[in-house]
Amino acid sequence: MKDNLISQVMYIVIHCSDDKFKLHNAFDIHKLHLSLGWDGIGYHKVIKRNGVIEQGRPEFWIGAHVYGHNKNSLGICLIGKDKFTKNQFLSLKKLIIKWKKKYPKAEILGHSNFNNTKKTCPNFDVKSWLKKTGIA
């Protein structure tokens, strides 16, 4: 089990689900990820359209959400592709503030901010959003 533990959280990574999979919650993502041969849901938190924050993997367990950086990151997935609700953004802000207190060295990035991906998620500019909300 020790090999599955996050050593130090250096990144908090924001993702989004893709509407083509018709995902509505953490359980839907869990089933999809199991079908891919994974150990279950790859994200640590999922934020539903109504703003409810659902548990994914426990924080101490290495995620499966950003290739090459899973050992030192936590993943948050917003349900949706590029049109998110006010409640989702309020919950995201609340969760980021909580995690930044717990993991003060962590940098907050979107999945697309990593060089080793062609993904566009979370399909909004995370750095601009952080400034707009006063988090950064």
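Go ahead and estimate [θ] at 222 nm for the chain from helices alone: -39,500 (n - 2.57) per DSSP H run with n ≥ 4, summed, over the residue count, rounded to 500.
After summing the helix terms and dividing by residue count, I get -8000 deg cm²/dmol.
Distance cut-off 21 Å, Cα to Cα: go down the list Lys71/Lys94; Lys83/Lys132; Lys86/Lys127; Lys20/Lys131; Lys31/Lys98; Lys71/Lys100 and report the pairs above it.
Beyond 21 Å between Cα atoms: Lys71/Lys94; Lys20/Lys131; Lys31/Lys98.
How many percent of the accessible area of the chain is carbon or sulfur, using a 1.4 Å probe?
Accessible surface attributable to carbon and sulfur in the chain totals 54 percent.
Probe radius 1.4 Å, ligands and nucleic acids left out: which of Glu107, Glu59 has the largest accessible area, and how do the rest follow?
So the residues, ranked largest to smallest area, are Glu107, Glu59.
Ranked from the most accessible area to the least, with a 1.4 Å probe and all protein chains present, what is the order of Tyr103, Tyr67?
The most accessible residue leads, giving Tyr67, Tyr103.
Under the rule a/c < 1.5 gives rounded, and otherwise a/b versus b/c splits prolate from oblate, where does region 67-118 land using the Cα gyration tensor?
Cα axes put region 67-118 in the oblate bin.
Please calculate how many Å² of accessible area the chain carries per residue, with a 1.4 Å probe and no DNA, RNA or ligand atoms counted.
That works out to 57 Å² per residue.
Report, to two decimal places, the Cα Rg of the chain normalised by 2.2 N^0.38 Å (N = number of residues).
In units of the 2.2 N^0.38 Å rule of thumb, it is 0.96.
Label 7 Å along Cα→Cβ of Gln8; region 93-116 residues with amide nitrogen under 14 Å?
Backbone N within reach: 103-107.
In percent, how large is the relative contact order of region 33-136, given Cα pairs closer than 8 Å and 6 or more residues apart?
22 percent
Check which residues have an amide H placed less than 5 Å from Leu78's amide H, if you skip close sequence neighbours.
It is His15, Cys16, Ser17, Ile47, by chain and number.
The values are calculated or read from the model by the stated rules, or taken from the named source; none is laboratory data. Just so you know, these numbers come straight off a predicted model, no measurement behind them. Glycine also receives a Cβ, built like all others from the backbone with ideal geometry; neighbour counts cover every protein chain displayed. Surface accessibility is based on the protein's heavy atoms, side chains included, excluding ligands, DNA and RNA. Shrake-Rupley method; radii C 1.70, N 1.55, O 1.52, S 1.80 Å.
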